[in-house]
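Trainee: Below is a structure I'd like to ask you about.
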Amino acid sequence: MKTKFRMLQMLLLGALVVSISMTSCKDDDPDPDDGKIDPSTIAETNLIAYFDFEDNGNDQVGTLTPSNTATTTASFVEGRRGKAFQGATDKNSGLLYTLPATSKLKTLKAFSFSLWVQQVPNTIETTDAPEQMVFHLDGKGDWIWGNLFLLQHRNWPEGETEQARNYAEMDCYFWKDDSEAWKGQRGSGWYVDVTAPQWRHIICTYDNVSSEFHAYVNGVHVTAFDGTEYMGVNRWQRDGEDLPLGDLKFNAPEKFAIGAWCDRLAGTALQEDAWSSPFKGLIDELRIYDRGLTAEEVKDLYDAEITQIN
């Protein structure tokens with residue numbers, strides 16, 4: 001009887017040792033993802049376009065492929081994560097896409113976009129510096145500005161010191177065709193320090209329920225140039241804060257461009273205008289969503305992007 005009892009004790013002790021050993025090994029196992037978080041898992045069901053620029057300009061979520069690969073002077077170089085889009089200075093730089101009839105970019109009521117940019121320091125006099133287009137969705141409501149874009153303006157803040165030449169004003173433009181007055185909305189008046197070439201992460205959101213626009217640089221909500229609260233959050237259809245903007249409505253979008261103006265690449269009226277410049281820097285990990293991301297989702301997305309950088 002004692003022998004059987006001892007054998008049972010030994011079996012139980014052995015099982016306990018094995019269990020402790022397995023638990024210890026499990027605790028010591030490295031994180032299989034090495035701490036990396038896939039940014040595409042944030043608001044995944046609302047992600048309608050994703051360009052990773054891994055040696056091409058193809059959309060990894062939808063079906064968009066550039067139509068000008070044989071003529072563009074843009075290239076793909078070492079980026080923030082893998083490869084990135086590298087703009088050039090001539091009229092052929094950029095990627096041009098023809099939107100299919102079913103493209104969700106055509107019917108956006110709200111939006112968010114996220115991307116890494118590395119800008120060229122803004123050291124040129126205001127009157128000579130070009131308007132560098134980061135990306136552009138065309139349209140016929142306003143033939144120059146189109147329906148949606150992110151632009152780096154040529155101007156620095158009025159009345160500021162010489163140092164302010166190293167701040168690029170960013171402008172996010174979006175269109176509401178049936179607005180009572182302000183069809184073209186400008187989410188501008190926020191600035192990015194481009195003293196030296198370095199990567200910065202930009203997120204812009206517009207929510208059609210709250211009629212609020214938000215912009216974030218490196219995960220932090222933008223302020224005015226002097227550091228005060230950014231005044232462009234609430235969007236209205238007309239003067240007097242009594243009619244929120246609501247759903248966006250685009251006017252006849254047909255083309256989409258990355259790193260250039262659609263009209264310039266398509267050979268229409270802006271083709272030879274020196275001020276309508278391609279983007280001269282680098283663009284990486286461009287994501288577009290069909291709704292406004294929350295502040296929590298913006299933080300999660302930026303944090304996830306950080307885990308992926310080269």
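Values quoted throughout were computed directly from the atomic coordinates according to the rules given, and no laboratory measurement underlies them. A quick note: this is a predicted structure, and the numbers were derived from the prediction, not measured. FYI the Cβ positions are ideal-geometry reconstructions off the backbone, even for glycines, and counts take in every protein chain you see.
Trainee: Sort 296-305, 142-151, 37-46 for me by packing, meaning the mean count of neighbouring Cβ atoms within 10 Å per residue, highest on top.
Mentor: Ranked from most to least packed, the peptides come out as 142-151, 296-305, 37-46.
Trainee: Within region 239-282, which GluC sites (Glu not before Pro) sit in a loop by DSSP and count at most 15 neighbouring Cβ atoms inside 10 Å?
Mentor: E241, E272
Trainee: Using a Förster distance of 35 Å, how high is the FRET efficiency between K249 and D303, based on the Cβ-Cβ distance and rounded to 0.05? Numbers along the way, then the final one.
Mentor: Values: r = 33 Å, r/R0 = 0.95.
The computed FRET efficiency comes out at 0.55.
Trainee: Under a 5 Å amide H to amide H cut-off, with H placed in plane at 1.01 Å, what residues pair with S211 once short-range neighbours are removed?
Mentor: G246
Trainee: Could you give the length gained on full extension between I37 and E78, defined as 0.36 nm per residue of separation minus the Cα-Cα distance, in nm?
Mentor: Working: separation 41, 0.36 × 41 = 14.76 nm, distance 2.07 nm.
Fully extending the segment from I37 to E78 adds 12.7 nm.
Trainee: Using a Förster distance of 22 angstrom, determine the FRET efficiency expected from the C-beta separation of A224 and D177, and round it to 0.05.
Mentor: The calculated FRET efficiency here is 0.15.
Trainee: Assign unit charges at the C-beta atoms only (+1 for Lys and Arg, -1 for Asp and Glu), then state the dipole size of region 188-310 relative to its Cα centre in Debye, rounded to the nearest 20. Numbers along the way, then the final one.
Mentor: Working: 10 positive and 21 negative charges, 74 e Å.
The dipole magnitude comes to about 360 debye.
Trainee: Treating only the Cβ atoms of Lys and Arg (+1) and Asp and Glu (-1) as charged, compute the dipole magnitude of region 31-306 about its Cα centre; round to the nearest 20 debye. Walk me through the numbers before you get to the answer.
Mentor: Numbers: 24 positive and 45 negative charges, 148 e Å.
Once rounded to the nearest 20, the dipole reads 700 debye.
Trainee: Here is a further query. Take N166, project a point 7 Å from its Cα along the Cβ direction, then tell me which residues of region 180-208 have their backbone nitrogen under 18 Å from it.
Mentor: 191-201, by backbone N distance to the label point.
Trainee: For a Förster distance of 35 Å, can you work out the FRET efficiency between the beta-carbons of N234 and N56, rounded to the nearest 0.05? Can you show the working numbers first?
Mentor: Details: r = 39 Å, r/R0 = 1.13.
Between N234 and N56 the formula returns 0.35.
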